[in-house]
Amino acid sequence: MAQFEEVSQKSKLHPKPEGLTLQYGTAGFRTHAKHLDHIMFRMGLLATLRSKKTKSTIGVMVTASHNPEEDNGVKLIDPMGEMVTAMWEGYATQLANVEQDSLLKELKDIIEKEDINMSEPASVYVGKDTRLMNYYGLVTTPQLHYMVCCCNTHGCYGSPTIEGYYQKLSQAFFLLTQNALNRTDDQKRLLVDGANGIGALKMREMEPFLRSEMQVVLSNDGSSGKLNHMCGADYVKVQQKAPQGMNMGVGERCCSFDGDADRIVYYYTDSKGCFHLLDGDKIATLISTYLKELLIQAGLNLQIAVVQTAYANGSSTRYLEDVMKVTVCCTKTGVKHLHHAAQEYDIGVYFEANGHGTVLFSRAAQKQIQELVKDPNSNDERKRAVKLLESTINLINQTVGDAISDMLVIEAVLAIRGMSAQDWDAIYTDLPNRQLKVTVSDRRVIDTTDAERRAVSPEGLQDTIDSLVKKYKSARSFVRPSGTEDVVRVYAEADTQESADSLAHEVSLAVYRLAGGIGDEPKPLH
């Protein structure tokens, strides 16, 4: 076929580097930009096949998110704005690593296995972040997810344009903040770190839509400074300090996006100059508490659940389960696992500790809320609650974690509840914790179960961890292999930072000795 011959000829212009092997992960392919030329070409082919298979628009996002500026990446977006299915992740990995002379065979195998009609037209939306090596339309990753979903739902989810995105979110935000009484200019003011990325550009575009309801003070806006360098959500989360270039006043609400604006974390400094981080656990708790209260006021019997990973702070889990009586589900690390688990509930709230997350409302839940909005017999309290729920649904980008959408939801909830950043932080106190990593000869010797909270191999490791945990108060610890390199990640928490550090070190030693550690033995932190 002529089209295959053309593919064969053009693929020679994008040769695969010899000996290079890459894996499609939760975030797609991600590595130094110089290694990705063949990947970009081949993912264009795969996106075309996926579009023909699903008879829908497919998204291709070119970004490396929170990675340094010299990196790049690419990931595919499925018809409803979700991440591509696991089967097609496998196809992506196969296609990326096959040698040039076997590329056509690999493509034909996928076409045959998926029974793809090659005469079917294809539709692919392509977006990019602000990296210099990107050449397509400037959008945040969540905006592309949103537009793909809008296109495939024929406008039911919204208008598949950037302006449609801004209008939908800003209108929902206005309806919510009308319920906040006597908001001062100080309460409307928010310091935003744009990570010198695409989120900063899009925040500037959105400001006119928000008018007087929000006063954004934008730093790291891309006018100077490198993408994600000493700024952004990942930097703030890992370093536990404010980004470079942000002038914070005492108690002022601040937030940071990551490079492609699908993560967000909040923070502030207290009167003693102490830095306080409000991460994904705090965000999930704030939003789920707000939704639970609205469901009670509306008289709706809908199950709300918070989906966490093993990295969620134990204090957040205990607060949700014991105080708020909210169902908590734990799943494997990785946004795709949280998203799928959240789909099992009427309302599923999920955030990784790094600030990537959103809220999913089932069709049945949305239908109940919409019917109640129209019910003429509802009393005032019930009517107010369901209208708040309706506007909240419209403000949330349900396709994927979205820093801009999440920011507006958080701002609206804080305004409606009359809460400061300090009030929010005081909902519960995080247990001190520590994360370490141990280099091993082969990470595959570590196998886990129970959403990665318990190790089943190597033999004796989990028994050792259990005995170490018993030495400390309010303690827990787990280990899991990295998905990309031969290291084992160790997490520990306890009632004091000293205890958490000591437990993390002892567990690291156990991993080193039982799982084939290489290099020097882990040293104590103090």
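The values are calculated or read from the model by the stated rules, or taken from the named source; none is laboratory data. Computed from a predicted structure; not experimentally measured. A quick note on method: Cβ atoms are made from the backbone with ideal geometry, for glycine too, and the neighbour counts reach across all protein chains shown. With ligands, DNA and RNA removed, areas are computed over all heavy atoms of the protein, side chains included. Shrake-Rupley method; radii C 1.70, N 1.55, O 1.52, S 1.80 Å.
Length gained on full extension, Lys34 to Gln370, computed as 0.36 nm times the residue gap minus the Cα-Cα distance: 116.0 nm. Straight Cα distances below 16 angstrom link Lys105 to the aspartates and glutamates Glu5, Glu6, Glu114, Asp115, with same-chain residues fewer than 8 positions distant left out. Per residue, the accessible area of the chain comes to 43 Å², computed with a 1.4 Å probe over protein heavy atoms only. In order along segment 319-326, phi translates into HN-Hα couplings of 5, 5, 6, 8, 9, 8, 6, 9 Hz, rounded to whole numbers, per the Karplus curve 6.51 cos²θ - 1.76 cosθ + 1.60 with θ = phi - 60° and x for Gly and Pro. Site pair Gln171 and Asp380 shows an inter-label distance of 2.7 nm when each label is modelled 7 Å from Cα along Cα→Cβ.
Cross-link pairs exceeding 21 Å in C-alpha to C-alpha distance, out of Lys12/Lys128; Lys53/Lys75; Lys34/Lys128, comprise Lys12/Lys128. You can think of it this way: the chain between Asn117 and Gln422 has 104.1 nm of extra reach, that is 0.36 nm per residue less the Cα-Cα gap. 3J(HN,Hα) along segment 107-123, derived from phi through the Karplus expression 6.51 cos²θ - 1.76 cosθ + 1.60 where θ = phi - 60°, amounts to 4, 5, 5, 5, 4, 6, 4, 8, 6, 8, 7, 6, 7, 5, x, 10, 9 Hz, with x in place of Gly and Pro.
With a sphere of radius 13 Å drawn around the Cβ of Thr449, what net charge do the other residues whose Cβ falls strictly inside it have (Lys, Arg +1; Asp, Glu -1)? Walk me through the intermediate numbers first.
Values: positive: Lys332, Arg453, Arg454, Arg480; negative: Asp447, Asp450, Glu452.
Taking every Cβ under 13 Å from that of Thr449, the sum is +1.
Near Gln240: Cβ cut-off under 13 Å, other residues only, Lys/Arg at +1 and Asp/Glu at -1. The net charge is 0.
May I ask you to rank Arg189, Arg444, Arg253 by accessible area, largest first, using a 1.4 Å probe over the protein chains only?
Greatest to least solvent exposure: Arg444, Arg189, Arg253.
Net charge dipole, segment 155-223: roughly 160 debye, given to the nearest 20, about the Cα centre with Cβ charges of +1 for Lys and Arg and -1 for Asp and Glu. Other residues whose C-beta falls under 12 angstrom from the C-beta of Ile116 contribute a net charge of +1, scoring Lys and Arg +1 and Asp and Glu -1.
Applying a threshold of 21 Å to the alpha-carbon distances of Lys241/Lys272; Lys10/Lys108; Lys471/Lys523; Lys272/Lys523; Lys237/Lys470 flags Lys272/Lys523; Lys237/Lys470 as lying beyond it.
Within the chain, what whole-number % of the accessible surface is contributed by carbon and sulfur, with the 1.4 Å probe and all protein chains included in the calculation? Kindly include the intermediate steps, with their values, before the conclusion.
Working: 10870 of 22580 Å².
Carbon and sulfur together cover 48 percent of it.
Shape class of segment 162-276 from the Cα gyration tensor (axes a ≥ b ≥ c, square roots of the eigenvalues): oblate, since a/c reaches 1.5 or more and a/b does not exceed b/c.
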